[in-house]
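K.L.:
I have a structure I would like to understand better, so I am pasting it below and will then ask my questions one at a time.
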Amino acid sequence: MKTRTLIPKLGALAASVALMSACSGGMSDDASTDEGGNHPAAEQAEASDGGGSMASDGGGMAMDDPAANLVGAGCADYASMVPDGDGSVEGMAQDPLSVAASNNPLLTTLTSAVSGELNPDVNLVDTLDGDEFTVFAPVDDAFGAIPEDDLSALASDADSLTNVLTYHVVPGQISPDEIAGTHTTVQGEDLEVTGSGDDLMVGDSTVICGGVQTQNATVYLVDTVLMPPAMADAS
């Protein structure tokens, strides 16, 4: 949703074998088989060297790389701006959502909004850290495009601020290859994601960098503050 759609309403509202098997010819049956006909030595090798190593050294490697599934034309710039530390892609993956966002230098306004700093009556930290979510996170420039008076009016209206913030949150973690489509937000209304790869859009907002992991959420950095349809229609 474009900022020009959001601004009028804000003012109006004051608003994720080789299995080791048989014994070799040089091994005796007595060494590998017990009296009941079982093969404990082979079974032990199978459990430790077979499936176990595949789980940790095979497909798990991609899952353990927080940068593996990133999409968006702005990911390279983000990595250049924050190459390491708590606010980097790797750093954010280590922390719960609210902490990860607070460490990201692109999300300072959003962090203030969800933590009670903008309005003490709107503190969503426990909610955001308490379950798995997909979050469309407006960067600071998105908030900066809103006139100061309108942003102040939104901050002072707890209900409107909560509606706007929770409209950016979808239950469950959704990976970039599955994100396209219509999703019901925590606020209750739907939003639509279109495109694919580096060309994802959320409504009229562009995904700058998506698939950023935290301990409990998948984050898509977006360039516009999204507007719940009911608030837009009332403007």
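K.L.:
What single numbered condition from (1) in a loop (DSSP other than H, G, I, E, B); (2) crowded, with 21+ Cβ neighbours inside 10 Å; (3) in contact with a helix residue (DSSP H, G or I) (Cβ under 9 Å, 6 or more places away or on another chain) fails to hold for ILE174?
P.N.:
Checking ILE174 against (1) in a loop (DSSP other than H, G, I, E, B); (2) crowded, with 21+ Cβ neighbours inside 10 Å; (3) in contact with a helix residue (DSSP H, G or I) (Cβ under 9 Å, 6 or more places away or on another chain), the one that fails is (3).
Residues checked against (1) outside any loop (DSSP other than H, G, I, E, B); (2) more than 12 Å from the chain's Cα centre (by Cα); (3) within 22 Å of SER115 (Cβ to Cβ):
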residue: GLY211; (1), (2), (3): yes, no, no
residue: GLN215; (1), (2), (3): no, no, yes
residue: THR218; (1), (2), (3): yes, no, yes
residue: LEU221; (1), (2), (3): yes, no, yes
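K.L.:
Of the numbered conditions (1) touching a strand residue (DSSP E or B) at 6+ places or on another chain (Cβ under 6 Å); (2) acidic (Asp, Glu); (3) in a loop (DSSP other than H, G, I, E, B), GLU117 fails exactly one; give the number of that condition.
P.N.:
Unmet condition: (1).
K.L.:
Quickly run through the range 122-171 and pick out the residues that are charged (D, E, K, R) and out of contact with any helix residue (DSSP H, G or I) (no Cβ under 7 Å at 6 or more places or on another chain).
P.N.:
Answer for the range 122-171, where residues must be charged (D, E, K, R) and out of contact with any helix residue (DSSP H, G or I) (no Cβ under 7 Å at 6 or more places or on another chain): ASP126, ASP131, GLU132, ASP141, GLU148, ASP149, ASP159.
K.L.:
Output the residues belonging to the range 179-201 that are acidic (Asp, Glu) and loosely packed, with under 12 Cβ neighbours inside 10 Å.
P.N.:
GLU192
K.L.:
Separate question: Testing ASP150 on (1) among the acidic types (Asp, Glu); (2) surrounded by fewer than 20 Cβ atoms within 10 Å (Cβ to Cβ); (3) under 23 Å from LEU106 (Cβ atoms), one condition comes back false. Which one is that?
P.N.:
For ASP150, the exception is condition (2).
Throughout, read-outs are computed from the coordinates displayed, never taken from laboratory work. Given the structure is predicted, the values throughout are model-derived calculations rather than measurements. All Cβ positions, glycine included, derive from the backbone under ideal geometry; neighbour counts span all protein chains shown.
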